[in-house]
Amino acid sequence: MQKSKWQETILANMNITALNAMQQAAVETILKQQEVLLLSPTGTGKTLAFLLPLVQLLKADENKVQCLILTPSRELALQTEQVWKKMSVPFKINCCYGGHSFETETQNLSQPPALLVGTPGRIADHLRRETFDPGSIRILILDEFDKSLALGFQDEMSFIIAALKKLQKRVLVSATDAIEIPEFAGVTKPTVLDFITANERGDKLGLKMVVSEEKDKSDCLFKLLCYTGGGAALIFCNHREAAERTSKILKEKGIPNACFHGGLEQMEREQTLVQFRNGSVQYLVATDLAARGLDIPDVKYILHYHLPATREEFTHRNGRTARMHASGTAYIIAYAQEPLPAYITENPELVQLPPNMKLPKEPSWVTLYISGGKKDKLNKIDIVGFLSQKGKLEKADLGVVEVKDFVSFAAVKKHKVKDLLRLVQNEKMKGKKYLIKVAK
């Protein structure tokens, strides 16, 4: 297929009309150059930018792993896999990460994928156990490599790259330009694509501040959520204990929310992101794990319950809103007796919160858990058909459906859930009965 044709087909599969300037430059450069450093802010479409050229670089007649993508987090690895599958190209991809069944991954690798994506720790583990042959890998992509370094994956990354004896192309990707390329990456003179500009979001991101007279800012946060009145929001805390405490306090005050941090089990993290994506959870109280690399939609508000230590992390947090052509607002919740960090050079608009406000409107969606997934030969069409026919749902009553390996999730209008569960409790989907319940 000619270049213009395959690109048009992929973009059509993804409901994209055209590539942005960064993506266009990345595709052309990755195809031509052996060493590339791609710098572009969060939310600009970097994943598609480095996946697109692989369609031309991978060989259809080679039944071996040809490209390895290392990511700092499970969520980013899964997002990369999802984007590739949505592209609908004839090359197999496998995803490997901690918390996933090693046995399942090994079985998947027995028929080698053209594209292998995973976290450094898990990929290093597979290399040690020789579950795949690294000798056939020609292309290496280090996505958010600075984050991998910050998380302490230097040894694993160095070990992995040393095992790739036949590398021909190395692509490094980051959302920040405040980086130093490690020597073990083997990149000496990269072609640099720098799409980071200091004022990139100046006209789209509104920065505001509310002041708490109390050192414990939970009451101020509660009032601010009432003030904003709804809309998806990320509430950032600096530590997982603080995130859990803040989440609990908000629930006690009558504001439903979910907590997200690295200490949760993988299944809990995935389910929480599903609920946030489909709108059944409106507020996500999170650590900086949620600042980048997550497959979540653009959010309306960023709330800094705690400010991060560096300008870089502040920028990444704010990058979850005002993405692409959208606009958004970031709020700083500041204790009156503490000065702002020196890295905040802007003058945030000061917001006075009214004393009495109504609770924000609760989400109209609820997430259903279904105990079967891709490995049970279930797909999105099966689930939509089942819930529509057996559960008597109208089109407007059913939201986002996500099918994982062994489980699935579906967003359903809250007022329809009780009747739906009653109607489907004894019904079978594709000849098998599955547990269907409200996800916690």
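The values are calculated or read from the model by the stated rules, or taken from the named source; none is laboratory data. Everything numeric in this text was worked out from a predicted model, so none of it was measured. All Cβ positions, even for glycine, are placed from backbone atoms using ideal geometry, and neighbour counts span all protein chains on display.
Looking across region 166-183, the residues that are charged (D, E, K, R), closer than 19 Å to Ala26 by Cα and not in a loop (DSSP other than H, G, I, E, B) come down to Lys169, Arg170.
Mind checking which pairs have a first residue in region 218-247 that is without any contact (Cβ under 8 Å) to a residue 40 or more places away in the chain and under 21 Å from Pro363 (Cα atoms) and a second that is buried (at least 21 other Cβ atoms within 10 Å of the Cβ) and basic (Lys, Arg), Cβ under 9 Å, 6 or more apart or different chains? Once the first residue is without any contact (Cβ under 8 Å) to a residue 40 or more places away in the chain and under 21 Å from Pro363 (Cα atoms) and sits in region 218-247, no partner that is buried (at least 21 other Cβ atoms within 10 Å of the Cβ) and basic (Lys, Arg) comes close enough. Restricting attention to region 208-227, the residues that are out of contact with any Ser or Thr (no Cβ under 8 Å at 6 or more places or on another chain) and assigned to a helix (DSSP H, G or I) add up to 6. With a requirement of 2 or more residues that are closer than 18 Å to Thr329 by Cβ and among the aliphatic types (A, V, I, L, M), the strands (runs of 3 or more DSSP E) lying completely within region 248-306 that satisfy it span 283-286, 301-304. Just one of the listed residues (Tyr331, Tyr343) is of a type outside the set (A, V, I, L, M) and buried (at least 17 other Cβ atoms within 10 Å of the Cβ), namely Tyr331.
Yes/no per residue for (1) closer than 28 Å to Thr310 by Cβ; (2) in the same structural domain as Leu31 (by TED's automatic domain parsing); (3) in contact with a strand residue (DSSP E or B) (Cβ under 8 Å, 6 or more places away or on another chain); (4) at pLDDT below 95:
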residue	(1), (2), (3), (4)
Ser101	no, yes, no, yes
Pro112	no, yes, no, no
Leu115	no, yes, yes, no
Asp146	yes, yes, yes, yes
Ala150	yes, yes, no, yes
Ile160	yes, yes, yes, no
Ala178	yes, yes, no, yes
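Residues in region 402-440 that are within 16 Å of Lys380 (Cα to Cα) and aliphatic (A, V, I, L, M): Val403, Val407, Ala410, Ala411, Val412, Met429, Ile436. Taken over region 354-372, the criterion of being at pLDDT below 95, in contact with a Phe, Trp or Tyr (Cβ under 9 Å, 6 or more places away or on another chain) and surrounded by 15 or more Cβ atoms within 10 Å (Cβ to Cβ) is satisfied by Met357, Pro360.
For region 219-264, the candidate set comprises residues that are closer than 25 Å to Gly279 by Cβ and of a type in the set (S, T, N, Q); within that set, the residue that is surrounded by the fewest Cβ atoms within 10 Å (Cβ to Cβ) is Thr228.
A quick yes/no check of all residues on (1) surrounded by fewer than 15 Cβ atoms within 10 Å (Cβ to Cβ); (2) modelled with pLDDT of 95 or more:
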residue	(1), (2)
Lys374	yes, no
Ile383	no, yes
Glu394	yes, no
Val400	no, no
Ala411	no, yes
Val417	no, yes
Leu420	no, yes
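On the basis of being of a type outside the set (A, V, I, L, M, F, W, C), modelled with pLDDT of 90 or more, in a helix (DSSP H, G or I) and closer than 20 Å to Gln66 by Cα, does Glu105 make the cut? Here the answer is yes, as Glu105 does meet what is asked. Contact map, region 261-272: first residue in the same structural domain as Arg292 (by TED's automatic domain parsing), second residue surrounded by 13 or more Cβ atoms within 10 Å (Cβ to Cβ) and aromatic (Phe, Trp, Tyr), Cβ cut-off under 6 Å, separation 6 or more or different chains; pairs are Thr272/Phe260.
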